[in-house]
Structure formats: C-alpha cells, structure tokens
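Below is one structure; the comments refer to it alone.
The values are calculated or read from the model by the stated rules, or taken from the named source; none is laboratory data. A quick note: this is a predicted structure, and the numbers were derived from the prediction, not measured. Note that each Cβ is placed from the backbone with ideal geometry, even for glycine, and that neighbours are counted across all protein chains shown.
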Amino acid sequence: MKSFFIVLLTLMGLGTNAVAADANDTKEKKPQRTIRHPARPLWMGRTAADPGASRWMLRLDMETFRKTQLGQFVLTEAKEFALPITAAALKLQFDPRKDLAAITAMGSVNQEEDQEHGVMLVHGKFKPDHLLKLAKDNTKDFKEETSGKHKLLSWKETDEESGEEETQYGCIAGEKLIVMGSGDELVKFALKHYDVENPNQKAAKIANTILTRGLKFEEKPYFIAGAVRIKELKVPPEAKILEKVTALGFTFAEEKGNLKGLIKLNADDEESSTQIQQMIQGLLALAQLSSIGETDDNSKRNAAILKSIKIDRNATMVSMTMDTAMTNITSSLRYQMAKSREEKPVESKEAPKKK
C-alpha cells in the first residue's frame with residue numbers, strides 16, 4: 001500500500017531531499033500539547049519527543065507550484081513520461097498532475113539509537129473506496145482498526161536493506177487527505193490535530209509556524225519550504241564546519257517572474273557564523289571565477305544566477321538570498337537535460353567479437 005502513496009511523489013519527478021524542523025530549543029511543555037507550541041515535535045505527538053533526535057519538516061504546495069514557470073516547465077517535461085504516469089493515474093484514479101494539492105512531511109531522526117519517526121500528509125482529490133480496495137488486494141497482512149471516526153490501516157512490507165518485515169501504518173481520511181506514519185500513534189495524532197475537513201489549510205498554517213519559529217522566515221506564498229534541526233546529526237569530515245550549525249531552513253517562491261530563494265543557517269555562536277559566512281562566500285567566488293571568459297548563452301545564464309545570490313550575517317544567523325529571472329532557471333535546466341541526452345551512451349547492437 002505504501003507504494004500507492006509514494007507514487008504520488010515519484011510520478012511527478014519531484015523527489016526532494018529538502019527537510020525541515022524547528023530551529024531552537026525550548027523548555028519541555030506539559031503533556032497537554034496544542035498547535036500553539038510547535039517547538040518540540042508536538043506535530044508528531046509524544047512518540048517523536050526525543051531530545052536526542054534531529055527534527056525535520058518539508059512542505060510542498062503543488063497548487064502554487066503548478067502556477068509557476070518552473071512548475072509549467074516540469075509538467076511540460078513530464079510529457080516524456082506521459083504513458084506510465086497516465087497508466088498509474090488510471091489505476092489509482094488519481095492524477096498527481098492535477099489532483100495533488102500539497103504534501104506535508106515531518107519527522108525526527110536519532111542516529112545514536114538508529115531510530116526514525118515520521119508522518120506524511122498527502123493532500124489532494126482522492127477516491128477513498130477505490131484506494132481502499134487496491135490496498136486490500138495488493139498488500140500483505142492488511143488490517144483495519146477503528147480509531148474514532150476513521151479506520152487506521154496497517155500492512156507488512158519487507159525492508160530492502162535488512163530484509164525484515166516491518167509494519168506500516170496509514171489512513172485514507174477522506175476525499176482530501178491521506179496520512180501515513182511510521183507508527184500508529186503518529187497517524188492517530190495527525191488525524192486528531194490536522195483538521196481533516198480542511199487538512200491542507202491547517203497543515204500549511206502549522207508548517208508556517210514551524211518555519212518562522214527561531215529562523216524567522218517572512219510569510220510568503222512559497223511552493224516548497226523546509227528546515228531541519230541538525231545539531232544532533234553526525235556530519236561527514238569534509239563538512240565539519242556544519243557541526244557548528246544548529247538549524248537550517250529554506251523557502252522558494254516565484255514573484256513577478258523571478259525565483260526568490262532564501263536559505264538560513266543558525267550557528268552556535270557569532271564566531272561560527274562568521275566562519276560559515278566566509279566559507280560560503282569563498283565557494284561562491286570560486287564558482288563565479290570559473291564562469292569568467294565564457295561567452296555561450298548557458299554560461300551567461302549561470303553567471304546571472306550566481307550574481308543574484310547575496311550572503312548576509314546577523315549575529316548567529318547566516319542568510320543566502322537568490323532573486324533571479326525564472327527563465328534563467330528553466331533555460332539552464334533545459335540546456336542541461338538536452339546535454340545529458342546527447343551524452344547518453346548508445347548501446348551497440350553488434351554482438352561482441354570473440355577473442
């Protein structure tokens with residue numbers, strides 16, 4: 001069953017590694033949790049209230065994304081994969097190209113304990129009865145359990161790495177919302193707090209609250225945003241400077257034909273933030289130097305994108321902003337895709353000669 005929901009992401013080719021969470025520690029709240037206090041991972045309930053875990057959140061607004069030039073570019077390029085997308089859409093009776101409204105995913109990772117918790121809300125236009133029948137017919141050990149007004153679903157899947165069977169949980173909450181979680185309590189918590197009648201609106205409000213807390217993002221109509229509390233994460237040796245980063249967040253939006261991006265990093269102290277700022281400025285300068293002397297159109301576009309990136313620092317916060325014509329982004333992507341197709345090796349039809 002999980003594959004039926006994950007396909008909503010993969011069909012569009014919108015796999016993103018961006019993640020988000022709150023940016024600062026707060027004192028532990030009383031057991032009664034409300035939407036007003038998201039600094040601890042309240043959005044996932046007590047199951048994820050792990051002080052040793054790094055919390056994250058990702059929000060993709062597909063309704064907004066489809067209206068952007070980048071969204072139109074992606075939909076146009078997706079025509080190359082129209083047949084498999086259409087086939088999957090017919091099977092699911094759900095076409096992500098027009099029926100997917102948004103995705104809100106939140107979770108926590110504790111590397112010391114090798115534990116992950118997460119919950120994903122898929123907002124859109126669904127046919128619950130049809131999806132439920134597909135789930136029953138195509139999953140192992142499928143079970144239904146009544147939980148309030150909803151039916152909590154569970155099934156078994158084999159982990160590709162360990163080969164062990166793991167229980168997955170989810171709920172087809174209605175025609176607008178599907179919830180999936182790594183535990184039954186997470187799914188129940190989401191159903192209780194995310195206002196199933198208006199799930200997309202409520203989830204967007206909570207996502208905005210989490211994003212703006214600590215990192216202080218301006219509320220804009222972004223199409224994708226996220227942040228991650230990375231203080232407890234182990235970083236590779238080559239990225240040792242990131243050990244000084246407590247949280248990272250980002251938002252991307254289109255405004256008046258321009259792609260406006262904002263990335264913020266919060267450091268342990270001002271000295272660390274200065275070092276991070278200098279490192280980023282050095283990398284940006286090297287990238288700009290490499291484009292000097294290039295006269296082709298794509299190099300000019302890339303140079304314009306790099307020139308639009310500004311780096312600022314305020315106390316422990318380092319900010320990177322980008323404000324460039326969306327046509328620079330789409331044209332550069334189109335160039336890279338065409339180049340990739342040209343360089344793709346062609347398999348020889350001749351049989352290999354015997355030595």
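Does region 71-122 hold any residues that are among the hydroxyl-bearing types (Ser, Thr, Tyr) and within 19 Å of the chain's Cα centre (by Cα), and which are they?
Hits for region 71-122 are Thr104, Ser108.
Take the residues in region 173-199 that are touching a helix residue (DSSP H, G or I) at 6+ places or on another chain (Cβ under 8 Å) and surrounded by fewer than 22 Cβ atoms within 10 Å (Cβ to Cβ); name whichever of them is modelled with the lowest pLDDT.
Among those residues, the one meeting the criterion is Asp195.
Might you check whether a residue that is under 20 Å from Leu211 (Cα atoms) and aromatic (Phe, Trp, Tyr) occurs anywhere in region 246-264?
Yes; the residues of region 246-264 include at least one that is under 20 Å from Leu211 (Cα atoms) and aromatic (Phe, Trp, Tyr).
Sort out for me the helices (runs of 4 or more DSSP H) sitting completely within region 65-123 that have 2 or more residues that are of a type in the set (A, V, I, L, M) and either within 21 Å of Tyr169 (Cβ to Cβ) or at pLDDT below 85 (or both).
Fully inside region 65-123 and qualifying: 82-92.
May I ask you to list the residues in region 161-191 that are outside any loop (DSSP other than H, G, I, E, B), touching a residue at least 60 places away in the same chain (Cβ under 8 Å) and more than 14 Å from Gly148 (Cβ to Cβ)?
Residues satisfying the conditions are Gln168, Gly170, Ile178, Met180, Gly181, Leu186.
Do you know which residues across region 69-97 are under 26 Å from Glu254 (Cα atoms) and either surrounded by 14 or more Cβ atoms within 10 Å (Cβ to Cβ) or not assigned by TED's automatic domain parsing to the domain that holds Val122 (or both)?
Gln69, Leu70, Gly71, Gln72, Phe73, Val74, Leu75, Glu77, Ala78, Asp95, Pro96, Arg97
Look at region 267-299 and say how many of its residues are within 25 Å of Ala325 (Cα to Cα), more than 27 Å from the chain's Cα centre (by Cα) and surrounded by 13 or more Cβ atoms within 10 Å (Cβ to Cβ).
Qualifying residue count, region 267-299: 5.
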